[in-house]
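The values are calculated or read from the model by the stated rules, or taken from the named source; none is laboratory data. This is a predicted model, so every value here is computed, not measured. Every residue, glycine among them, receives a Cβ derived from its backbone with ideal geometry; neighbour counts consider all protein chains shown.
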Amino acid sequence: MADLASDSGAARELAALAGECISALKAGGKVVFAGNGGSFAQAQHLAAELVGRFRTDRPPIASLALGSNGPALTAISNDYGYEDAIVREAAVLVSPEDVLVLLTTSGNSANVCEVARRHVAAGGRAAAWTGSSGGTIAEVCPAIRAPATDTARIQEIHLVFGHTLCHLIERGLAE
């Protein structure tokens, strides 16, 4: 965590991402989170912080986490394969006006990388939160890298990233 505190690059990248999210929200877009496993749980948590409230009472902020529709997730996984579950969901729920925030500790989650590829190809803005290596997703979109290699530490840092992003969005929309 000491590395994170001294990483002004991550702070600048999060501030820039927050600015992109605020612009998208003001234009009618939304913030869409995606991840697998623990990263999926954090994606849901962060979407809830925006739709509900983070630090202040305010109107809901348009946000969602891909994969949160359990029946769709299992049906698509059964019929097409797990790799396509959030990809198919993103095809109908995410527009180029939205900002995609992708959580992947390895940076190599095939389904998360594919969602990023398609969104960026459609002209959308995406950013990934990864571990120190960045993984293959760093070739698709900007990656804000947690200065760690251990999955638990990466996920803890991603939560700090997420709470920072939610705070900056709330504050920015209130101005």
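So, T130, is that one within 25 Å of F54 (Cα to Cα), in contact with a Lys or Arg (Cβ under 6 Å, 6 or more places away or on another chain), among the polar types (S, T, N, Q) and surrounded by 22 or more Cβ atoms within 10 Å (Cβ to Cβ) or not? It is true that T130 is within 25 Å of F54 (Cα to Cα), in contact with a Lys or Arg (Cβ under 6 Å, 6 or more places away or on another chain), among the polar types (S, T, N, Q) and surrounded by 22 or more Cβ atoms within 10 Å (Cβ to Cβ).
Identify all residues within the stretch 131-149 that are assigned to a loop (DSSP other than H, G, I, E, B) and polar (S, T, N, Q); write none if there are none. Listed by number, the residues that qualify are S132, S133, T149.
Checking V32, V87 one by one, the residue that is surrounded by 14 or more Cβ atoms within 10 Å (Cβ to Cβ), part of a strand (DSSP E or B) and among the aliphatic types (A, V, I, L, M) is V32 and no other. When the residues of the stretch 1-24 are filtered to those that are of a type in the set (S, T, Y) and in a helix (DSSP H, G or I), which remaining residue is modelled with the lowest pLDDT? The residue in question is S8.
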